[in-house]
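Notes for the one structure printed next.
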Amino acid sequence: MDLADRTVGFVLLLFSVSLFSYYTFWVIITPFVDSDHFVHGFFPAREYAILIPAFAETGYWPMEESI
């Protein structure tokens, strides 16, 4: 069981670091890159950089209050 727990923990850590790196690059780096650069093809529009976390947080509140 210990190996399974470590594997799950490693996968969750890898997923979290990947998501954090992607979001950080999207929000902090891409505004300084030319708008016609190919890098922008890997990311959604910048408006979603605020909308996605805002909707994720507001969707979390009802679950938190019901617990």
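No lab work stands behind these numbers, since they all come straight from the coordinates. Predicted model, so just to flag it, every value in this text is computed and none were measured. Every residue, glycine as well, gets a Cβ built from its backbone with ideal geometry; the counts of neighbours run over all protein chains shown.
For the reader, a short list of remarks on this structure follows.
- Taking the Cα centre of segment 2-66 as reference, the dipole from Cβ charges on Lys and Arg (+1) and Asp and Glu (-1) amounts to some 180 debye.
- If you plug the beta carbon distance of ALA56 and PHE15 into 1/(1 + (r/R0)^6) with R0 = 25 Å, you get a FRET efficiency near 0.95.
- Think of the chain as a dipole: +1 on every Lys or Arg Cβ, -1 on every Asp or Glu Cβ, centred on the Cα centre; then among THR24, HIS37, VAL8, HIS37 lies furthest on the positive end.
- Computed Rg/Rh of segment 2-66, alpha carbon atoms with Kirkwood Rh: 1.12
- 0 to 90° range, to nearest 10: angle between helix 2-24 axis and the chain longest Cα axis: 20 degrees
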